[in-house]
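Notes follow once the structure below has been shown.
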Amino acid sequence: MKKIIFLSLLFTFYGFSQNIKLKTGDILFQSMNCGPLCEAINEVTEGYQGKDFSHLGIVYIKNDSVFVIEAAGKAVKITPYEIFKTYTTEEMFVGRLKRKYQKYIPEAITFSLQQVGVPYDDAYLYNNGKYYCSELIYDAFLFAYKKPLFEMYPMTFKSPKNNNYFEVWVDYYRKLKMEIPEGKLGCNPGGISTSNKLKMIGTLR
């Protein structure tokens with residue numbers, strides 16, 4: 001059985017072979033298997049050291065329990081860490097804000113908690129009253145930092161191989177009865193994982 005040690009004030013969690021110490025505000029990056037959609041996302045985004053990341057969440061430790069605040073499924077929610085880690089069979093990468101930015105974590109967490117119950121943004125459009133996973137993290141630190149901490153980039157839903165829309169996205173947005181938001185600004189887990197505001201401190205299984 002893994003040994004768990006909680007420290008007062010910082011509420012830290014030791015886990016797994018690398019003895020990583022999770023803290024509130026750490027960002028967990030996952031490579032999930034969601035079929036063709038994830039494959040299309042991975043083809044046009046690149047994460048830390050070339051890794052493919054399709055989901056992320058922010059660590060929140062309360063009363064000696066580890067949770068992850070995430071936008072997933074139908075809404076923003078607070079997920080027990082033990083459940084969050086089952087979303088993937090691969091290693092999760094742990095990103096930690098560099099020291100000069102860590103003072104913004106409490107306000108970012110407060111903002112994230114206030115969004116619990118906000119619907120999931122299945123249209124992937126920024127500032128439409130809903131959240132997808134990386135959009136929640138972007139806005140949480142925008143709120144805390146008072147200006148963008150992470151970057152947004154024009155989104156693409158086209159294959160770099162032939163510059164045609166991925167068929168999976170064509171079908172996806174057809175069902176939503178909306179145009180594909182090609183070129184609209186957005187963010188993704190891979191892009192956030194490469195931010196110079198973060199340091200990758202290791203991996204967890």
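The values are calculated or read from the model by the stated rules, or taken from the named source; none is laboratory data. Being a predicted model, the structure only gives us computed values, none of them experimental. All Cβ positions, even for glycine, are placed from backbone atoms using ideal geometry, and neighbour counts span all protein chains on display. These area figures cover heavy atoms from the full protein model, side chains too; ligands, DNA and RNA do not enter into them. Shrake-Rupley method; radii C 1.70, N 1.55, O 1.52, S 1.80 Å.
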List every residue pair whose Cβ atoms lie under 7 Å apart, where the two residues are 6 or more positions apart in sequence or sit on different chains, the first residue falls within segment 103-127 and is within 14 Å of LEU142 (Cα to Cα), and the second residue, located anywhere, is open to solvent by 30 Å² or more (accessible area, probe 1.4 Å) and assigned to a strand (DSSP E or B). ILE109/TYR60; TYR126/LEU185
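If you check THR79 against the conditions, is it of a type in the set (Val, Ile, Thr), assigned to a loop (DSSP other than H, G, I, E, B), modelled with pLDDT of 95 or more and in contact with a strand residue (DSSP E or B) (Cβ under 8 Å, 6 or more places away or on another chain)? I'd like the intermediate steps shown before the answer.
Numbers: of a type in the set (Val, Ile, Thr): yes; assigned to a loop (DSSP other than H, G, I, E, B): no; modelled with pLDDT of 95 or more: yes; in contact with a strand residue (DSSP E or B) (Cβ under 8 Å, 6 or more places away or on another chain): yes.
Spelling it out, it is not the case that THR79 is of a type in the set (Val, Ile, Thr), assigned to a loop (DSSP other than H, G, I, E, B), modelled with pLDDT of 95 or more and in contact with a strand residue (DSSP E or B) (Cβ under 8 Å, 6 or more places away or on another chain).
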Note on segment 28-55: residues surrounded by 15 or more Cβ atoms within 10 Å (Cβ to Cβ), under 18 Å from THR86 (Cβ atoms) and not hydroxyl-bearing (Ser, Thr, Tyr) are LEU28, PHE29, GLN30, MET32, CYS38, PHE53, HIS55
Filter segment 66-83 down to the residues that are in contact with a His (Cβ under 9 Å, 6 or more places away or on another chain) and under 15 Å from ASP26 (Cβ atoms) and list them by number. GLU70
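Tally up the residues in segment 57-86 that are open to solvent by 40 Å² or more (accessible area, probe 1.4 Å) and of a type outside the set (Ser, Thr, Tyr), please.
Filtering segment 57-86 for residues open to solvent by 40 Å² or more (accessible area, probe 1.4 Å) gives 62-65, 67, 73-74, 77-78, 80, 82-83, 85-86.
Of the ones still in play, those that are also of a type outside the set (Ser, Thr, Tyr) are 62-64, 67, 73-74, 77-78, 80, 82-83, 85.
Selection size over segment 57-86: 12.
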Tally up the residues in segment 134-154 that are in a helix (DSSP H, G or I) and open to solvent by 10 Å² or more (accessible area, probe 1.4 Å), please. 5
Suppose we filter segment 27-65 for residues that are over 26 Å from VAL168 (Cα atoms) and of a type in the set (S, T, N, Q); how many remain? 3
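Table: residues versus (1) in contact with a strand residue (DSSP E or B) (Cβ under 7 Å, 6 or more places away or on another chain); (2) closer than 24 Å to ASN127 by Cβ; (3) open to solvent by 50 Å² or more (accessible area, probe 1.4 Å).
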residue: ASN164; (1), (2), (3): yes, no, yes
residue: TRP169; (1), (2), (3): no, yes, no
residue: TYR173; (1), (2), (3): no, yes, no
residue: GLY183; (1), (2), (3): yes, yes, no
residue: PRO189; (1), (2), (3): yes, yes, no
residue: MET200; (1), (2), (3): yes, no, no
residue: THR203; (1), (2), (3): yes, no, no
In the set GLY15, GLY47, GLY25, which member is small (Gly, Ala, Ser) and at pLDDT 95 or above? GLY25
Starting from segment 58-79, keep only residues that are closer than 11 Å to ILE109 by Cα, then list their pairs with residues that are buried (at least 22 other Cβ atoms within 10 Å of the Cβ) and of a type in the set (D, E, K, R) whose Cβ atoms are within a distance under 8 Å, requiring at least 6 positions of separation or different chains. ILE58/ASP26; ILE58/GLU70; VAL59/ASP26
